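Colleague: For reference, the structure I am asking about is given below.
The values are calculated or read from the model by the stated rules, or taken from the named source; none is laboratory data. Here the structure is a predicted model, which means the values were calculated and not measured. So basically every Cβ, Gly included, is an ideal-geometry build from the backbone, and we count neighbours across all protein chains shown. To get the accessible areas, we keep the full protein, side chains included, count just its heavy atoms, and leave off ligands, DNA and RNA. Shrake-Rupley method; radii C 1.70, N 1.55, O 1.52, S 1.80 Å.
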Amino acid sequence: MESLPMIATAVGLMLSGSASVLGGMKWMLDRVEKRTSARFDRVDQRFDRLEAHTDARFAEVDRRFAEVDRRFADVDRRLQEVGGSLTELKVAVARMEGPHPPFLIARG
């Protein structure tokens, strides 16, 4: 009977020690969770800024491609004009040369 209060005190100390340890662990885990969440929020903000910057760059690239396409269309138009001029020049030279004989006779 004399050991019963001692056992009850030991059990109480174990329970209060366990509660203290578990409470400290809970506090530590809450703190780690808050810090981790804050860091992930900062990373999300950085990714959002990078995504906005990337979108702006892609818009610029699209604008430049449209400009290049316009320039290629202009070059194609100019090449067609030069081709037409060359055809007219060939026709004019052919008229100046006169008619060609229908057959070339090989002499041997």
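Colleague: As I understand it, the dipole of region 1-105 uses +1 on the Cβ of Lys and Arg and -1 on the Cβ of Asp and Glu, about the Cα centre. Which of Gln80, Ser16, Ala66 lies farthest toward its positive end?
Modeller: Ser16
Colleague: Sticking with this one: For the chain, set up a Gaussian network in which alpha carbons nearer than 10 Å are linked by springs, and say which option among Ala66, Ala38, Ala19 fluctuates the most.
Modeller: Ala19
Colleague: Please state the charge dipole magnitude for the chain, taken about the Cα centre, from unit charges on C-beta atoms (+1 on K and R, -1 on D and E), reported in debye and rounded to the nearest 20.
Modeller: Here the chain has a charge dipole of around 360 debye.
Colleague: Might you tell me the accessible area per residue for region 38-93, computed with a 1.4 Å probe and given in Å²?
Modeller: Working: 5290 Å² over 56 residues.
Dividing the accessible area of region 38-93 by its residue count gives 94 Å².
Colleague: Further, regarding this structure: Mind telling me which of Glu33, Glu88, Glu67 comes out most flexible in a GNM of the chain, alpha-carbon contacts under 10 Å?
Modeller: Fluctuation is largest for Glu88.
Colleague: Give me the number: length gained by fully extending Phe58 to Val11, i.e. 0.36 nm times residue separation minus the C-alpha to C-alpha distance, one decimal in nm.
Modeller: Details: separation 47, 0.36 × 47 = 16.92 nm, distance 6.83 nm.
Net length gain for the segment: 10.1 nm.
Colleague: In the calculated pair distance distribution of the chain, what percentage of Cα-Cα distances lie above 21 Å?
Modeller: On the way: 4443 of 5778 pairs.
Roughly 77 percent, rounded to a whole number.
Colleague: Pairing the Cα long axis of helix 3-97 with the longest principal axis of the chain, what angle in degrees results, from 0 to 90 and rounded to the nearest 10?
Modeller: 0 degrees
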